[in-house]
Amino acid sequence: MKTGIDPRNKGDGAIVNQPFDMILFLNRQVDAAAAMTYNELAQVLEQKNPKTGKLYTMKDLNVIKMEDGSKGAGTSMLEDNVFVRDDWIKDKKHQATAKKFLIASFKGWIYCRDHWKDCVNIVLKNGPALPRGHQTWQMNEINALIWPSRLGIGVMDPRAFNRTAKIAKQFKVIKKTPVGAYRTDLAKAAVAALKAQGVDVYGKRWKKANVKVTPNGK
């Protein structure tokens, strides 16, 4: 609706429930599809373009980025977070447990930043449903979404939250602007604990690796 397209009007097109793959798009059954850089985009790039007989490239696609900026739609929204019940987290003991959980989780993401090839092997050993090429692409792209971390890994960016809440309210996903829906004290405490151990929680020097697309992600 932001661009003037209303799916309720037949002339503007129709919204199709998209599976967690790009088959409809690749078969040209839909004109546009939602894609994460770390997964669905790779699913397209790993397939051959019937017009060229070669793997799709970014030049073959018209990519509309959701994030802010002159080339973006400005509609990027938060997705994955750590959720707990409000009544549960009020307990000081549970807060201590949550902090330990966050420290362990952050350590894992930091390890995969610095040892990303090892993390690909760990994933393949425990869940080989997706092939090595695709998993390698995913690890590299996930790192690009995390690093560098301006506030420290895992700390909510209030600007991102406010943008998400604004969009959700504007398009009637929610009725009221959420107040007190998140807290940063536990994440900041976890980050501080890691910093005290000499762990790099910002990743300012991280650079994206050059990962090549492989046919069918193999």
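The values are calculated or read from the model by the stated rules, or taken from the named source; none is laboratory data. Since this is a predicted model, take the numbers as computed values, not measurements. Positions of Cβ are generated from backbone atoms using ideal geometry, with glycine treated the same way; all protein chains shown enter the neighbour counts. Keep in mind that these areas ignore ligands, DNA and RNA; they rest on the heavy atoms of the full protein, side chains included. Shrake-Rupley method; radii C 1.70, N 1.55, O 1.52, S 1.80 Å.
Tabulated results
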item	result
Of residues in the stretch 129-138 being open to solvent by 20 Å² or more (accessible area, probe 1.4 Å) and assigned to a helix (DSSP H, G or I), the one nearest to ASN81 (Cα to Cα)	GLN138
Criterion violated by ILE23 - all others in (1) open to solvent by less than 90 Å² (accessible area, probe 1.4 Å); (2) closer than 30 Å to ALA168 by Cβ; (3) β-branched (Val, Ile, Thr) satisfied	(1)
Count of residues meeting criterion [buried (at least 16 other Cβ atoms within 10 Å of the Cβ), of a type in the set (Gly, Ala, Ser) and in contact (Cβ under 8 Å) with a residue 40 or more places away in the chain] in the stretch 148-179	4
Candidates ASN62, ASN39, ASN81, ASN126, filtered to the one that is closer than 30 Å to VAL173 by Cβ and open to solvent by 90 Å² or more (accessible area, probe 1.4 Å)	ASN62
Unmet criterion (only one of (1) closer than 24 Å to GLU46 by Cα; (2) part of a helix (DSSP H, G or I); (3) under 20 Å from the mean Cα position of the chain (by Cα)) for ASP118	(3)
Pairs where the first residue, in the stretch 114-137, is more than 23 Å from PRO148 (Cα to Cα) and the second is among the acidic types (Asp, Glu) and surrounded by 12 or more Cβ atoms within 10 Å (Cβ to Cβ), C-beta under 6 Å, 6+ apart	none
Single unsatisfied condition, TYR182 versus (1) farther than 30 Å from GLY133 by Cβ; (2) assigned to a loop (DSSP other than H, G, I, E, B); (3) without any contact (Cβ under 8 Å) to a residue 60 or more places away in the chain	(3)
Top-ranked residue in the stretch 188-211 [being assigned to a loop (DSSP other than H, G, I, E, B) and free of Cβ contacts under 8 Å to residues at least 60 places away in the same chain; ranked as most open to solvent (accessible area, probe 1.4 Å)]	ARG205
